[in-house]
Structure formats: C-alpha cells, structure tokens
Amino acid sequence: MSRPVLNILRLCRLPIYTQLHLEEALLRATKDNWLIINDGAFNPAIVVGISGRPPELVQCDEAVRYGIQAIRRFTGGGTVVIDHDTLFSTLIMQGSSLPQVDCFPQPIMAWTEQLYRPAFAAAGCPDFALRENDYIVAGGRKVGGNAQAITGRRWVHHTSFLWDFDPERMGLLRQPAKAPQYRQGRDHLDFVTRLRDVLPTRGARQRLVEGIVSSAAALGFDLQERTLADAAPALRHPQLLLGTKLLDLRTFVAPDGDGPQRRTT
Amino acid sequence: MALRVFGSGVLGRLGLQAQVMQAAAATATLAYSTVSQGYKYAASHEWASVEGNTATIGISDHAQEQLGDVVYVELPDVGKVVKQGETFGVVESVKAASDVYSPVSGEVVEVNQALVDKPGTVNTSPFEEGWIIKVKMSNKGELQSLLDADAYAAKCEKH
C-alpha cells in the first residue's frame with residue numbers, strides 16, 4: 001500500500017495574513033496534504049478566532065495606540081499575539097490519508113501529539129504533551145496556540161509555537177472568560193513559557209523544525225518538498241471564499257477628543 | 001444495539017416488552033448518541049425533518065458530541081439559496097470551526113436566532129431547540145438520497 005504524500009512547505013517571515021489566506025486556499029481548493037512551517041511572521045499581529053469579539057479579547061485602545069495589525073482568522077479557538085519569534089506549524093489533511101483519525105476536533109488533536117512529541121524530544125524537550133486542548137511542557141506551561149477548521153473530510157490544524165514573545169505585546173490581550181482547568185488561575189506569564197527557555201541549546205529552533213518534518217515521515221507519509229510557487233495557485237481558484245479578514249480595532253474604541261496616538265512598530 | 005436487546009428480554013419477562021419495543025422504535029442506538037427516527041440524515045452528520053415543502057435542519061447528536069461544547073454558530077442570511085451537499089454555515093466548538101452542509105437544496109426561510117445568544121443549545125437539544133435553519137425545498141426528490149435513522153446509525157458505528 002503506497003504511503004500518502006505530504007507536501008512540505010518551508011517558509012520564513014511570511015506575513016501571517018498571507019499565510020492564513022494560503023492555508024485556507026489549500027484547505028478548500030485542493031485535496032492535497034500539507035505541512036507548512038513558517039519560521040517567524042514578517043510583522044507582529046493580534047490574531048483572533050472566527051467568532052472572537054475584540055472588545056472582550058483585546059485591549060483595543062492600547063492596541064490601536066501600539067499600531068499593531070489585527071486579523072480575524074478562519075479557524076476556531078482563541079486569540080494570539082504573533083511576531084518574528086513565533087514558529088508556525090500547520091497541517092492540512094485529507095481524511096482518507098489518516099483513516100484512523102476521525103475528522104473531529106479531539107481525534108485530530110490527539111493525533112498531532114503523536115507528531116509533535118518526538119519532534120520536541122529530538123530538539124531536547126522530553127516532556128511535551130497535550131493537556132486538555134493545549135500543548136504543554138515543563139509540567140504544565142503552554143507553549144503555543146492551536147486552532148482547527150474542518151470541512152467535510154478535510155481539516156487544518158495550525159499551531160503558533162512561542163519561541164519568544166514580547167510581554168508588552170502580550171499585555172495587549174485580555175484574559176479570556178474561559179480558561180483551561182490546568183491553568184489554575186495563574187497569571188499569563190506563569191501560564192505560558194518561551195520555547196527558547198525550554199530548548200536553550202544552540203541550534204534547537206532548527207532542530208525542532210527538522211524534528212517536525214522527520215516525525216511526519218515516521219508517521220507514514222511520503223514527504224515531498226515544495227515551494228511557495230507550488231502552493232500559490234490555490235489562491236487563484238475560482239469561487240474561493242476566504243474567511244480571514246483584517247480587523248480595524250479603531251471601530252471598537254470609544255471616540256475621544258484627541259483620538260488614539262499611533263506608534264510605529 | 002446489544003443493550004437494547006438485553007433490556008427488552010429482561011423487561012419482557014416482567015410484562016413490559018411492548019412498551020420497551022415502542023420506546024426502542026423511537027430511536028436507533030449508537031454507543032452513547034441518539035439517532036432519532038423520522039429524520040433523514042446526511043453522511044456529513046446533518047439531519048433534515050420535513051413538513052410539507054419545508055425542511056428543518058440541524059446537526060446530529062453524534063456530531064454535537066464529537067464536536068464538544070458549541071460556542072458559536074454562523075448562520076446564513078434568510079433568502080440564501082443552498083444546495084444539497086454544500087456548506088451553509090459554521091459551527092465553532094473549542095478550537096475548531098466546522099462547516100455544516102445542507103442536506104437539501106432550496107431557499108433559507110428561517111434561521112434559529114436563539115443560537116446567537118445560546119449556541120450551546122446545539123449540544124443540549126440537537127434535534128429540537130438546536131435546529132439551525134429551515135429551507136423551502138426546491139427538489140423534494142433529494143430526500144431519497146439521504147439516510148434513514150438506522151442507516152445513519154450503522155454508518156456512525158463503523159467509525
């Protein structure tokens with residue numbers, strides 16, 4: 001029986017808005033499997049999920065003053081702040097390529113743990129695990145955000161791993177109304193951790209990327225290296241409706257006499 | 001299925017067999033989900049309940065259970081034309097936005113606005129208060145291509 005093909009797309013500093021458009025196009029306009037790794041976003045951004053309400057999730061007036069881009073993505077889940085120190089890993093799958101994985105959120109999430117745990121171990125972190133719906137290390141500290149979109153027998157599961165983050169930008173987010181039980185009331189900076197602190201050895205970031213790719217091969221895929229030129233035609237598919245949109249946070253800020261001062265990033 | 005047979009045997013000896021068979025006939029049985037009789041089902045886990053030329057549409061108990069807590073339902077506009085097998089909206093559960101597909105073609109004549117404030121109704125009452133849209137059907141013949149309760153239950157049990 002032939003192994004299903006997994007197209008590997010390695011990117012660096014692709015803007016997150018472009019990345020999300022590309023992911024959604026590949027999900028909806030192709031029947032191919034993709035592993036996309038974008039090592040860092042081109043510029044910082046706040047990214048909310050499909051139903052996220054910015055006033056509840058973002059310090060909108062501060063974010064407007066900061067001048068940070070805001071985006072609504074096509075997948076579920078919560079709000080993240082991303083930048084050049086965020087490592088993005090995206091899986092786009094045809095269900096028939098993983099017949100043992102039901103196309104529902106929990107089975108997909110559980111399968112991704114099988115992909116990422118060996119990759120983290122290879123990079124020097126043996127205690128990576130899935131807890132509730134988050135990836136954790138060091139006994140209970142979150143290392144990134146996950147979200148999914150499922151359309152029939154195809155799905156996307158994308159993750160933003162926090163290699164590093166800026167606490168000031170992280171402070172632009174409000175604490176969500178619902179938190180996982182394992183958070184146990186911890187402050188945000190006690191709840192999340194930087195991967196650079198967990199994988200401190202030289203070259204670990206690159207080893208993690210290579211570990212993710214190797215782990216996919218070990219799970220039974222036939223890997224094919226691709227380029228952006230191979231993936232981009234999906235964006236030109238006719239009748240493609242994309243759910244990722246730019247958000248203008250100014251519409252959520254109460255007007256005052258002076259207006260918010262924009263700061264360039 | 002095995003539990004239903006066991007239960008009816010025991011209760012039959014107690015003279016309650018007729019009542020059990022009547023109750024059992026109202027539902028087919030998955031391991032833990034309910035599949036209600038009298039509905040038609042799409043393989044993509046939506047159900048249709050038909051009255052005249054109007055189909056009320058929602059997602060199955062199996063689907064809501066697998067999705068988890070529903071936190072948002074994206075409803076189409078009234079007047080939207082839907083086609084059988086094409087997406088008409090999105091149901092968001094924790095982390096996941098899942099497309100929902102219309103089991104029939106036609107025009108959306110009503111949407112369940114109650115789901116805007118209480119999306120979890122899809123979980124608590126998937127076949128009744130958790131309905132999502134109502135469609136004035138353009139081709140009732142499409143109902144023949146949908147699954148009845150037993151066929152849908154059998155399909156789900158294969159997975």
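The values are calculated or read from the model by the stated rules, or taken from the named source; none is laboratory data. Remember, it's a predicted structure, so these values are computed and weren't measured experimentally. Neighbour counts are summed over all protein chains in view; Cβ atoms, including those assigned to glycine, are modelled from backbone coordinates with ideal geometry. Keep in mind that these areas ignore ligands, DNA and RNA; they rest on the heavy atoms of the full protein, side chains included. Shrake-Rupley method; radii C 1.70, N 1.55, O 1.52, S 1.80 Å.
Quick notes on this structure:
- Residues that are of a type outside the set (Gly, Ala, Ser) and part of a helix (DSSP H, G or I), drawn from the range A:1-48: A:16, A:17, A:18, A:19, A:20, A:21, A:22, A:23, A:24, A:26, A:27, A:28
- Any chance residue B:108 is buried (at least 20 other Cβ atoms within 10 Å of the Cβ), farther than 22 Å from residue B:152 by Cβ and modelled with pLDDT of 95 or more: yes
- Inspection of the range B:3-21 identifies no residue that is under 15 Å from the mean Cα position of the chain (by Cα) and either surrounded by 17 or more Cβ atoms within 10 Å (Cβ to Cβ) or modelled with pLDDT under 95 (or both).
- Hey, residue A:177 over 18 Å from residue A:43 (Cα atoms), within 14 Å of chain B (Cβ to nearest Cβ) and either touching a residue at least 24 places away in the same chain (Cβ under 8 Å) or open to solvent by 20 Å² or more (accessible area, probe 1.4 Å) (or both) or not: yes
- Residue B:54 vs. criteria within 14 Å of chain A (Cβ to nearest Cβ), among the β-branched types (Val, Ile, Thr) and more than 13 Å from the chain's Cα centre (by Cα): no
- Taking (1) free of Cβ contacts under 8 Å to residues at least 40 places away in the same chain; (2) open to solvent by less than 30 Å² (accessible area, probe 1.4 Å); (3) of a type in the set (Gly, Ala, Ser); (4) out of contact with any Ser or Thr (no Cβ under 6 Å at 6 or more places or on another chain) in turn, residue B:153 satisfies each apart from (1).
- Set A:127, A:39, A:85: member being open to solvent by 10 Å² or more (accessible area, probe 1.4 Å), within 28 Å of residue A:223 (Cβ to Cβ), touching a Cys at 6+ places or on another chain (Cβ under 6 Å) and away from chain B (no Cβ under 14 Å): A:39
- Residues in the range B:85-116 that are touching a residue at least 60 places away in the same chain (Cβ under 8 Å) and more than 18 Å from the chain's Cα centre (by Cα): there are none.
- Residues that are β-branched (Val, Ile, Thr) and either within 10 Å of chain A (Cβ to nearest Cβ) or open to solvent by 20 Å² or more (accessible area, probe 1.4 Å) (or both) within the range B:80-89 comprise B:81, B:87, listed in sequence order.
- For the condition loosely packed, with under 15 Cβ neighbours inside 10 Å and closer than 30 Å to residue A:2 by Cα, residue A:168 does not qualify.
- Residue ID - farthest from residue A:30 (Cα to Cα), chosen from residues in the range A:88-112 that are more than 11 Å from every other protein chain (Cβ to nearest Cβ) and over 16 Å from the mean Cα position of the chain (by Cα): A:110
- Any chance residue B:92 is crowded, with 18+ Cβ neighbours inside 10 Å, within 28 Å of residue A:100 (Cα to Cα) and not basic (Lys, Arg): yes
- Only a single criterion out of (1) in contact with a Phe, Trp or Tyr (Cβ under 7 Å, 6 or more places away or on another chain); (2) closer than 16 Å to residue A:81 by Cα is not satisfied by residue A:6, namely (2).
- Members of the range A:65-82 that are of a type in the set (Val, Ile, Thr) and either open to solvent by 10 Å² or more (accessible area, probe 1.4 Å) or modelled with pLDDT under 95 (or both): A:68, A:79, A:80, A:81
- Long-range neighbours under 9 Å by Cβ, at least six apart or interchain, first residue touching a residue at least 60 places away in the same chain (Cβ under 8 Å) within the range B:134-145, second among the acidic types (Asp, Glu): B:134/B:110; B:135/B:107; B:135/B:110; B:136/B:107; B:137/B:107
- Filter pass, residue A:150 being part of a helix (DSSP H, G or I), among the aliphatic types (A, V, I, L, M), open to solvent by less than 50 Å² (accessible area, probe 1.4 Å) and under 20 Å from residue A:23 (Cβ atoms): no
- Unique residue being open to solvent by 30 Å² or more (accessible area, probe 1.4 Å) and within 12 Å of another protein chain (Cβ to nearest Cβ) when the list is B:77, B:69: B:69
- Where a residue in the range A:202-214 is within 15 Å of residue A:116 (Cβ to Cβ) and its partner, wherever it lies, is part of a loop (DSSP other than H, G, I, E, B) and of a type in the set (Gly, Ala, Ser), with Cβ under 6 Å and at least six apart: A:204/A:124
- Residue count for the range B:90-99 satisfying the condition of being more than 7 Å from chain A (Cβ to nearest Cβ) and more than 17 Å from residue B:118 (Cβ to Cβ): 0.
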